[in-house]
Amino acid sequence: MGINSDGGDTASITPNIASGRISAQQESDNFADLHPLLTPFQASVEADRCYFCYDAPCMQACPTGIDVALFIRQISTGNTTGAAATILHENIMGGMCARVCPTETLCEQVCVRNDKEGEPVQIGRLQRYATDHLMASGKKVFERPDDSGKTVAVIGGGPAGLSCAHGLARRGHNVTILEAREKPGGLNEYGIATYKTVDNFAQREVDYILDIGGIEIQTGQRLGQDFTLDDVRAKYDAVFLAIGMGGVNALGLAGEDADGVEDAVDYIAELRQAEDRRQLKVGQRVLVIGGGMTAVDIAVQSKLLGAEEVTMVYRRGQQQMNASTYEQELAQTRGVNIRTWAAPQDLQMTDGKLTGMTFARTRLDNDGRLVVTKDTFSLPADVVFKAIGQKLVSEPLTGGASAVALEGGRISVDPERRTSLADVWAGGDCVVNGEDLTVAAVEDGKVAARSIDTFLQQGA
Amino acid sequence: MADLRADFLGIKSPNPFWLASAPPTDREVNVTRAFKAGWGGVVWKTLGLDPHVVNINGPRYGAIHGSDRSLAGFNNIELISDRPLGINLQEIKAVKQAWPDRAVVVSLMVPCDEASWQGILPLVEATGADGVELNFGCPHGMSERGMGSAVGQVPEYIEMVARWCKKHTRMPVIVKLTPNITDVRFPARAAKAGAADAVSLINTINSIVGVDLDQMAPMPTTDGKGSHGGYCGPAVKPIAMNMVAEIARDPETHGLPISGIGGISQWRDAVEFMTLGAGNVQVCTAAMVYGFKIVEELVDGMKTWMDDKGYERIDQFVGAAVPNISDWQHLNLNYVVKAKINQDLCIKCGRCHIACEDTSHQAITHTVNGERRFEVMDDECVGCNLCAITCPVEGCITLEQMTAGVDPRTKLPISGTYANWTTHPNNPQAVPVE
């Protein structure tokens, strides 16, 4: 153990992991909608702030290229249905993206209103206003044309897979989604923080997407376990891989399997699926290792579930965190501590149970490389969440006749999202340059669907 | 310290802000509240003969809204006072006695015969009112009965009625003009010919303010039907100011006192009307939207502006802009401006570019050296002002005069001389320059 320069006496704490830390009222308040739906009046006022820019920067910044200026103008003229159609034509998950996109680093960051006012048009909330209106109305935006007779297997029912499936279905093709989990939706259903997508929105959006027809979903179908890539290539005219990143990066420390050391993504999935969130076990002192969105999501939700002290610990500074400034502030205003420039060193155990963790202070050397110093400190903890990134489970893609070329541990694709195999496309988090954003995954699916459609027509 | 006292036809008021004849001046309670709030005068809502008229029991007003429900234009289908004449006269008398320093002018509308006017004028005079305003303007309802704008649209009637009134009362007579005519100078000349002391304008403009697309009927809608109403509010101000200016610069009516009306909502509007020749102003819509308290802003705004500019009395700026109202043909064709975009203020919305590119002269870039950047190309710019109007940042785009060199668009040297259309070689009727 190094110099215990601050922090508590980690050996002396008694692990305290318990459920029922919050009242039913607190539970309902804490997990309420983070950004409630704008009222018609609020939407009208906000829409009027849009300047309808030429070649609008927001549209350029959107990974799916939504015509933001047009849809906002449609809202301001009372044509909310048309606004939603404008959104969905570029981004079939416009509803979820309106909730989870880091708009502060995308469309809203480049809004020209920032320049003089420092307040962009609230594009995300207007997008939600339009798409929620459409979904509530039950109106259809897309009509499925005549059956093309072509079949496509989409492996993975997350944002990329659903986007591709819809893109293919609206061109008349027949899609089978093979989904490993019990429900489709991927990270929309199992990943994102609860307060960003309340009222079962992820499933409602899936239902809206599937409503076009021509898409069949088979759940409980895991690639490499229940079927192989060879199987689907033999059976379908084309394949889209949207398998996400099923593996979680490890800390590489002794005791990582001990009680109290958990994967953040697993806990978030459990939280999202919980019938009664108050029954979930929560630590009294929680440490979160990592600086991305998942780290923020688990840190904030631990706090909302009643943890007394929650600290995010990150190896570098706040500026280097993947979580945006907005997300960091969200964490801090919910009472999460953020500690930076600290690398995990040791997990402390007492009787096989976690009691704390030791970190080494880090800094950058003159060449900008991270240096782990010998200066250490310890923090008490009953629970440590690992949120230092996920990885592709590549085994099902590397063996046999259907080996897919990888690059840096992810699937290599060209700009049309074609893999090294002529009849296989890929998109979402599992591909190289995947941005870990729902909106980027939707774009991958959309682009791939176009390319697959061209391929299928040529093959006809 | 600026002195806002006004003297219009000998009618004195502590400031030049009167409430126009309309719902805000319908009764004693309203007018008393207005005077308490600080209004300089009122024109009492139009009196007619008994039996009094009746109003519909449905909506009387319609509106055009801008962003965030700000009111751009307003219309009404209300008629003249729907109370007995005697009650109105009693109340006018009481108000004038209680507020001797304020102007109380009474608006009148009776049938177009001398006996009717001869009958009502002494009754009004007996209240102690300061003057009368002849309502020849209302375009809805009453006009169907041969009154209001039905009179105001016929200069001969205006002259005739004005003369009757001057004959039967010692009070100053103001003729209120309708804008629902082709050339406002003719009714104004008629009023002057009839010896009226002043004109006031504009009354409201014939309008359908909207269509209810479910009922397929004009708004405001009464039981599935709608009739045209009188349009007013900020949207009509430019129309009103032009009409005021036309009368002020017409050699036949130049010098005829004018009471300016039409969309006056703040001090600047009032000052603008007055520089175009209005001796005072009348306000209605703004008060109907915000209440009487706006007079505080009107008074203080005008006072502050006068102090800043060194005006001590309002007559020092009344009509000040009239000499600069010109016919198009006399505008200087040798005056050349180019738009300039201040890059430090530019927020890069691109509206100037697309407006110019799509609808004008293709004179603004959208990229410079591969970067999003909006710059004016002087060799295409005609100085039309569209870019400055579309720009959301005030002062970002300005029109700068070229005072030397060659206009890169026309390749003609910038001349310091004045030249107009009357002598231009392209003008078939040009008079050769000596």
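The values are calculated or read from the model by the stated rules, or taken from the named source; none is laboratory data. Keep in mind that this is a model prediction, so the values were computed, not measured. Glycine also receives a Cβ, built like all others from the backbone with ideal geometry; neighbour counts cover every protein chain displayed. Only protein heavy atoms, including side chains, enter the accessible area calculation; ligands, DNA and RNA are left aside. Shrake-Rupley method; radii C 1.70, N 1.55, O 1.52, S 1.80 Å.
Between B:Lys338, B:Lys348, B:Lys303, the distinction of being among the basic types (Lys, Arg), open to solvent by 10 Å² or more (accessible area, probe 1.4 Å) and either within 14 Å of another protein chain (Cβ to nearest Cβ) or not in a helix (DSSP H, G or I) (or both) belongs to B:Lys348 only. With free of Cβ contacts under 8 Å to residues at least 60 places away in the same chain, away from chain B (no Cβ under 14 Å), surrounded by fewer than 17 Cβ atoms within 10 Å (Cβ to Cβ) and polar (S, T, N, Q) as the only criterion, which of A:Asn174, A:Asn200 stands out? After ruling out the rest, the residue left standing is A:Asn200.
Among what's in segment A:26-52 and is hydroxyl-bearing (Ser, Thr, Tyr) and within 10 Å of another protein chain (Cβ to nearest Cβ), pick the residue that is farthest from A:Val121 (Cα to Cα). Ranking the qualifying residues of segment A:26-52, first place goes to A:Ser44. Identify all residues within segment A:68-84 that are outside any loop (DSSP other than H, G, I, E, B) and open to solvent by 20 Å² or more (accessible area, probe 1.4 Å); write none if there are none. Result: A:Leu70, A:Arg73, A:Gln74, A:Ser76, A:Thr81.
Highlighted here are the strands (runs of 3 or more DSSP E) found entirely within segment A:223-319 that include at least 1 residues which are touching a residue at least 12 places away in the same chain (Cβ under 8 Å) and open to solvent by 10 Å² or more (accessible area, probe 1.4 Å): A:261-263, A:285-289, A:309-313.
Scanning segment A:106-128 for residues that are touching a residue at least 60 places away in the same chain (Cβ under 8 Å), within 14 Å of chain B (Cβ to nearest Cβ), touching a Pro at 6+ places or on another chain (Cβ under 9 Å) and under 27 Å from B:Asp68 (Cβ atoms) turns up at least one hit. Within segment B:290-309, residues that are within 13 Å of B:Val271 (Cα to Cα) sit with their Cβ atoms under 8 Å from residues that are open to solvent by 90 Å² or more (accessible area, probe 1.4 Å) and of a type in the set (D, E, K, R), at 6+ positions apart or across chains, in these pairs: B:Gly301/B:Arg268; B:Trp305/B:Arg268; B:Met306/B:Glu312. In the set (1) over 17 Å from B:Ala286 (Cβ atoms); (2) within 14 Å of chain A (Cβ to nearest Cβ), the condition left unmet by B:Ser70 is number (1). The single condition from (1) touching a residue at least 12 places away in the same chain (Cβ under 8 Å); (2) loosely packed, with under 13 Cβ neighbours inside 10 Å that A:Asp414 fails is (1). Within segment A:85-101, can you find the residues that are open to solvent by less than 10 Å² (accessible area, probe 1.4 Å) and within 18 Å of the chain's Cα centre (by Cα)? Matches in segment A:85-101: A:Asn91, A:Met93, A:Gly94, A:Gly95, A:Met96, A:Cys97. Of A:Gly352, A:Gly356, A:Gly317, A:Gly290, all but one fail to be among the small types (Gly, Ala, Ser), more than 23 Å from A:Asp33 (Cα to Cα) and within 22 Å of the chain's Cα centre (by Cα); the exception is A:Gly290. Where helices (runs of 4 or more DSSP H) fall entirely within segment B:114-224, those with at least 3 residues that are over 19 Å from B:Ile247 (Cα atoms) and open to solvent by 30 Å² or more (accessible area, probe 1.4 Å) are at B:114-125, B:155-168. Out of all the residues in segment A:55-67, which are closer than 20 Å to B:His353 by Cα and open to solvent by less than 20 Å² (accessible area, probe 1.4 Å)? Passing the criteria: A:Ala56, A:Cys58.
Quick grid of which residues meet (1) at pLDDT below 95; (2) within 24 Å of A:Gly260 (Cβ to Cβ); (3) outside the structural domain of A:Gln284 (by TED's automatic domain parsing); (4) within 21 Å of the chain's Cα centre (by Cα):
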site: A:Thr325; (1), (2), (3), (4): yes, no, no, yes
site: A:Leu379; (1), (2), (3), (4): no, yes, no, no
site: A:Arg418; (1), (2), (3), (4): no, no, yes, no
site: A:Gly428; (1), (2), (3), (4): no, no, yes, yes
site: A:Val432; (1), (2), (3), (4): yes, no, yes, yes
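Among the conditions (1) over 27 Å from the mean Cα position of the chain (by Cα); (2) buried (at least 18 other Cβ atoms within 10 Å of the Cβ), B:Ile92 misses just one, which is (1). Within segment B:98-129, being touching a Gly at 6+ places or on another chain (Cβ under 8 Å), closer than 18 Å to B:Val31 by Cβ and not hydrophobic (A, V, I, L, M, F, W, C) holds for one residue alone: B:Arg102.
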